[in-house]
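Have a look at the structure below, then the notes.
The values are calculated or read from the model by the stated rules, or taken from the named source; none is laboratory data. Source: prediction; values computed, not measured. Don't worry about glycine lacking a Cβ; one is built from the backbone with ideal geometry, like all the others, and counts go over all protein chains shown.
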Amino acid sequence: MGILEGNRAGLLAGKTALITGAGTGIGRETALLLAAEGATVVLVGRRQHVLDEVATVVADAGGTALTRSAHVENAEEVRELVAWTSKSAGPVDLLVNNAGGASKVGDVRRLDEAEWNAVIGVNLTGVYLLTQAVLPDMVANGGGTIVTISSLAALRPTLLGGAPYGAAKAGVRNFMAYLRNTFRDDLIRATCILPGEVNTPILDSRAAPPSADARAAMVQPEDVAQAVLLCATLPQRTLVEELVIAPTRQRDRTAETEKSRWTGTA
């Protein structure tokens, strides 16, 4: 039968969903689920060929996907992206801010300014720029949904995520609260999802990438995608403000943390 389960209309039929970081991990799985519910998904990332691969999976299942490479921390590229999306697929009804990245250097004493700015740019500035770009149409059209993938590092930052990653994820959590407090009467639903460790490619940038067994016990990308789908398909009268998802089992990260402490030393 396939991911679309026949010809049913789907809970998101007629909606346009823009998903950043859509080539892998949480973004990819979210795109598949939203497309299965009838949304036209706009896949955004830095690597065009990876986005095209996801779009092919969506199309083969009977869904509709558009792709566009962009740097979400670049204001001009974001404005062009949103204008192109509106022209090609219609105004954005659902924005999923998923693009992210962490620093390779865990100890802030050895973290250079360029790496700090790069992590803040993709995790925080990109969320601001995309939200600013889609918000006018959402308000004018009577509502919309913005889901931002933060992290438990926003609440419990560690050397594994690094200083700028935790700061940026705390920043987007605060920004989603700002949106709720300011625009909820315009029927703008702003949700922050805070996952614990998720088995995504971002783990590969750590000083000591987790083992395969450790990754298998983590939250999986499809688990977070299910949460995004829930937030996007509830009746408009209902808002999920925050949602925390964590692995059931805790693991010993002492060795990984200690190795991260010394990354970047001469």
* For residues in the range 199-235 being hydroxyl-bearing (S, T, Y), at pLDDT below 85 and over 15 Å from the mean Cα position of the chain (by Cα), which is farthest from T30 (Cα to Cα)? -> S211
* Looking at the range 115-128, is at least one residue farther than 20 Å from L12 by Cβ, crowded, with 24+ Cβ neighbours inside 10 Å and in contact with an Asp or Glu (Cβ under 7 Å, 6 or more places away or on another chain)? -> yes
* Can you tell which of G171, G162, G196, G166 is of a type outside the set (F, W, Y), at pLDDT below 95 and either buried (at least 20 other Cβ atoms within 10 Å of the Cβ) or closer than 23 Å to E73 by Cα (or both)? -> G162
* Kindly indicate whether any position in the range 202-212 is surrounded by 18 or more Cβ atoms within 10 Å (Cβ to Cβ), under 18 Å from A22 (Cα atoms) and in contact with a Ser or Thr (Cβ under 8 Å, 6 or more places away or on another chain). => no
* **Verdict on G100 being at pLDDT below 95, under 13 Å from the mean Cα position of the chain (by Cα) and either assigned to a helix (DSSP H, G or I) or surrounded by 24 or more Cβ atoms within 10 Å (Cβ to Cβ) (or both)** => yes
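From T238, T191, T257, T182, grab the single residue that is at pLDDT 95 or above, in a helix (DSSP H, G or I) and not aromatic (F, W, Y). If you could, list the steps in order and put the result at the bottom.
On the way: T238 fails: in a helix (DSSP H, G or I); T191 fails: in a helix (DSSP H, G or I); T257 fails: at pLDDT 95 or above.
Every option except T182 fails the conditions.
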* Structure fact -> Of the residues in the range 129-156, those that are surrounded by fewer than 24 Cβ atoms within 10 Å (Cβ to Cβ), outside any helix (DSSP H, G or I) and at negative phi come to N141, L155, R156
* Structure fact -> Out of (1) at pLDDT below 95; (2) among the acidic types (D, E); (3) surrounded by 17 or more Cβ atoms within 10 Å (Cβ to Cβ), the one E5 does not meet is (3)
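Quick check on my filter: what residues within the range 35-74 are part of a helix (DSSP H, G or I) and either in contact with a Gly (Cβ under 6 Å, 6 or more places away or on another chain) or buried (at least 24 other Cβ atoms within 10 Å of the Cβ) (or both)?
Within the range 35-74, A35, V50, L51, V54, V58 meet the criteria.
Hey, among the residues in the range 194-230 that are part of a helix (DSSP H, G or I) and small (G, A, S), which one's nearest to I245 (Cα to Cα)?
To start, the set of residues in the range 194-230 that are part of a helix (DSSP H, G or I) comprises 201-205, 212-216, 221-230.
Among the residues that remain, those that are also small (G, A, S) are: 205, 212, 214, 216, 225, 227.
Numbers: S205: 22, A212: 20, A214: 17, A216: 15, A225: 11, A227: 9 Å.
That would be A227.
Yes/no matrix, rows are residues, columns are (1) of a type in the set (V, I, T); (2) more than 21 Å from Y128 (Cα to Cα):
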residue	(1), (2)
A13	no, yes
V44	yes, no
L81	no, no
V92	yes, no
A99	no, no
